[in-house]
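Asker: One structure, as structure tokens, below. Some questions next.
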Amino acid sequence: MVAIDEYLKGILGQILASYKILTDLNDKPKDLMTIKKELSKIRGLLLVLSNKLDDKKHQSDHLVSLYKLSTYYTSTYDFTWEIEKLSQIYYNDSDRLKNLRFLIIKSLNDKKLIEKLETILNKL
């Protein structure tokens, strides 16, 4: 159990670091690439979590919760299309960039995802 907890600490730490980067951006045109990179990182790490926790040997409450949250987010939210459109047409429009960034941040707070990830990380 210790090995999985250490593994999860690393993943959760990376997700929360990427979330902080997203919240700290200033909506400049160059920020679109950062948004794309950090969101891809978050989605990838959530996919890793759901795949890692998919087998039934991980049954503690925090692991089941992590599995459900990561699976929910990756199956519900995908901003690929919006990011591509923004990068092609509206890359200099800071208001559209800000709106997209806020949508992404809001999605990461759906079902209190970030808050729960922080709580689980603090318990590990």
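The values are calculated or read from the model by the stated rules, or taken from the named source; none is laboratory data. Keep in mind it's a predicted model, so treat the numbers as computed, not measured. Glycine also receives a Cβ, built like all others from the backbone with ideal geometry; neighbour counts cover every protein chain displayed. Heads up: the accessible areas ignore ligands, DNA and RNA and are worked out on the full protein's heavy atoms, side chains in. Shrake-Rupley method; radii C 1.70, N 1.55, O 1.52, S 1.80 Å.
Asker: Test of understanding: among LYS57, LYS41, LYS68, LYS37, which residue is closer than 15 Å to LEU16 by Cβ, of a type in the set (Lys, Arg) and either free of Cβ contacts under 8 Å to residues at least 40 places away in the same chain or assigned to a loop (DSSP other than H, G, I, E, B) (or both)?
Answerer: Unique residue meeting the criteria: LYS41.
Asker: Next question. So, in the stretch 44-54, of the ones that are farther than 18 Å from ALA17 by Cα and in a helix (DSSP H, G or I), which residue ends up nearest to the chain's Cα centre (by Cα)?
Answerer: Looking at the filtered set, the residue picked out is SER50.
Asker: Looking at the stretch 71-89, which of the residues that are surrounded by 14 or more Cβ atoms within 10 Å (Cβ to Cβ) and assigned to a loop (DSSP other than H, G, I, E, B) is farthest from the chain's Cα centre (by Cα)?
Answerer: Only one residue tops the list, namely PHE79.
Asker: Same structure again: Run LYS28 past the list (1) buried (at least 18 other Cβ atoms within 10 Å of the Cβ); (2) part of a loop (DSSP other than H, G, I, E, B) and report the number of the one that doesn't hold.
Answerer: (1)
Asker: For the stretch 5-25, how many residues are over 25 Å from SER75 (Cβ atoms), modelled with pLDDT of 95 or more and either open to solvent by 40 Å² or more (accessible area, probe 1.4 Å) or small (Gly, Ala, Ser) (or both)?
Answerer: So the count comes out to 1.
Asker: Hey, another quick one. Can you confirm whether the stretch 61-68 contains a residue that is over 15 Å from ILE11 (Cβ atoms), open to solvent by 90 Å² or more (accessible area, probe 1.4 Å) and of a type in the set (A, V, I, L, M, F, W, C)?
Answerer: Scanning the stretch 61-68 turns up no residue that is over 15 Å from ILE11 (Cβ atoms), open to solvent by 90 Å² or more (accessible area, probe 1.4 Å) and of a type in the set (A, V, I, L, M, F, W, C).
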